[in-house]
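Scroll down for the structure; my scribbles are underneath it.
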Amino acid sequence: MNKDAIIIGGGIIGCSIALRLASEGLSVAIIERGKIGCEASRAAAGMLCPQTEKLEPGAYFDLCLRSRSMYSDFAARVKELSGIDSEYRDEGTIFVALDENDEEESRLWTDWQKGAGLSLERLTVDELKKLEPSVRDSIAGGVFIPGDHQIENRLLMDALSVAVRRAGVTVIEGREASSITVGDNRATGVICEGERMESGAVIVAAGSWSGRLLENFLPQVNIIPARGQMIALRGDRVPMTRVLHSKRCYVIPRRDGRILIGATVEYAGFHKAITAQGINSLLEAAIELAPDLAGFEIVETWCGLRPDTEDHLPIIGESGIDNLLLATGHFRNGILLAPLTAELISELVLRRRAPTETLAFGVGRFKEGFAQSQARD
Ligand SMILES: Cc1cc2nc3c(=O)[nH]c(=O)nc-3n(C[C@H](O)[C@H](O)[C@H](O)COP(=O)(O)OP(=O)(O)OC[C@H]3O[C@@H](n4cnc5c(N)ncnc54)[C@H](O)[C@@H]3O)c2cc1C
């Protein structure tokens, strides 16, 4: 096999890049050791919520906002190609301040976001209860963020799986890329279960497992799995319209009648497990936010591994090895960041020019001893 680009990893990041490159006329293959979208991208909650995430102002926040602004078109394009509707929903998101402390803290991020010209609306208790009557009575107020949306990421992955194939991408499922071939500081292809595959560009989009492919070339890049546990409930109705956030959890209404509750952030290696403590903490937090949920049935629990980095920022762009590009470490916002990551990596492949947005997210920021110098959360 000889391709213009081989992408290792068929999560949302790999698929979005593949779709973009194939749409530009390149011959592209995805190597996915399981099935397309079988890891973090399926486990996710599908929130497109940079404002509610209370990120700091700066390059990362700007990246998230730009990707958010691309989402509606991205979802429409994937639907057009696949015939599958990923239920992109734009009702907005509400942050609920459960007590005066939350209310006080929320003033800090709402003030600077407003100052930056972003759209949000502080809500009184009455206003919030009118919008979302299922929220408990004793709250201190809240914030409505109309631009923070959601997508049904499982449907999106189903849709992408069809879309990439229809766009002409060669999808190799059930096979693991074991290494990247490099000669004279230039990537030339991938070894996949003993078979050598040649490629003009190799793109590592292997989520939490990306570090294993890079350890020979970039030992300073540490990709750390951050486990997230989730629960789905079902009742006789869906009592909320919008995504609701409290300080302790989020609650997401889905069109199929499920209500998703998420998510824990745990550093437990690659161990995928649903724990009593994880489920207990999520249920407590959700019932604290919307007491009626106490009577709902638990229909599903699952977990996934977010690809995290030492500074919790993604790695997007050049690797220092010619033709080897990185698109990984998207941590809590990989669903959100997929369309923009795809655009930036495509720019690099097609025009061999690093877009300015990628400069802050390169591997150059990781030096020896970096891990020790950063405080973990
Ligand atoms: C519980 C939870 C909730 C989340 N909620 C949100 C949210 O609301 N909004 C948001 O934006 N983000 C959210 N995220 C984060 C988001 O899911 C991730 O950032 C994103 O899915 C990362 O995508 P990816 O394609 O890099 O990784 P993955 O989806 O993990 O895909 C990587 C793929 O690479 C494959 N692979 C690995 N190694 C190899 C190899 N050697 N050869 C071949 N294939 C390989 C794997 O099988 C996998 O399919 C959440 C994550 C979790 C776990």
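Rule-based calculations on the coordinates, nothing more; no lab input. Not measured: the values here are computed from a predicted model. Don't worry about glycine lacking a Cβ; one is built from the backbone with ideal geometry, like all the others, and counts go over all protein chains shown.
Numbers at a glance
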{"item": "Which of 271, 330, 312 has the fewest Cβ neighbours within 10 Å, and the rest in rising order", "result": "271, 312, 330"}
{"item": "Helix 153-166 vs. the chain, principal-axis angle (Cα, 0 to 90°, nearest 10)", "result": "30 degrees"}
{"item": "Estimated dipole of the chain in Debye, rounded to 20 [Cβ of Lys and Arg +1, of Asp and Glu -1, Cα centre]", "result": "840 debye"}
{"item": "Computed [θ] at 222 nm, deg cm²/dmol, the chain (DSSP H ≥ 4; -39,500 (n - 2.57); rounded to nearest 500)", "result": "-9500 deg cm²/dmol"}
{"item": "Cα shape, the stretch 1-40, gyration tensor, a/c 1.5 rule", "result": "oblate"}
{"item": "Residue-wise HN-Hα coupling along the stretch 218-229, computed from phi with Karplus coefficients 6.51, -1.76, 1.60 (Hz; x: Gly, Pro)", "result": "10, x, 6, 8, 10, 9, 10, x, 10, 5, x, 9"}
{"item": "Calculated from backbone phi, Karplus (6.51, -1.76, 1.60) coupling profile of the stretch 268-273 in Hz, x at Gly/Pro", "result": "10, x, 8, 7, 8, 8"}
{"item": "Pair residue 275, residue 234: separation of 7 Å Cα→Cβ label points (nm)", "result": "2.9 nm"}
{"item": "Loop trypsin sites (Lys or Arg not before Pro), the stretch 271-376 (other Cβ atoms within 10 Å of the site Cβ: 11 or fewer; DSSP)", "result": "352, 353, 367, 376"}
{"item": "Contact order relative to length of the stretch 88-228, as percent, for alpha carbon pairs under 8 angstrom and 6 or more apart", "result": "19 percent"}
{"item": "Phi-based couplings in Hz for the stretch 247-264 (Karplus 6.51, -1.76, 1.60; Gly and Pro marked x)", "result": "5, 9, 6, 10, 10, 10, x, 10, 5, 7, x, 7, 10, 8, 10, x, 9, 7"}
{"item": "Sites residue 322 and residue 195, calculated FRET efficiency, Cβ-Cβ separation with R0 22 Å, nearest 0.05", "result": "0.45"}
{"item": "Pairwise FRET efficiency - residue 99 versus residue 350, Cβ, R0 = 41 Å, nearest 0.05", "result": "0.20"}
{"item": "Rel. contact order, % - alpha carbon contacts under 8 angstrom, at least six apart, the chain", "result": "23 percent"}
{"item": "Residues with amide H under 5 Å from that of residue 181, placed H, sequence gap 5 or more", "result": "188, 189, 190, 191"}
{"item": "Gain upon complete extension [residue 116, residue 241; 0.36 nm per residue less C-alpha separation]", "result": "42.3 nm"}
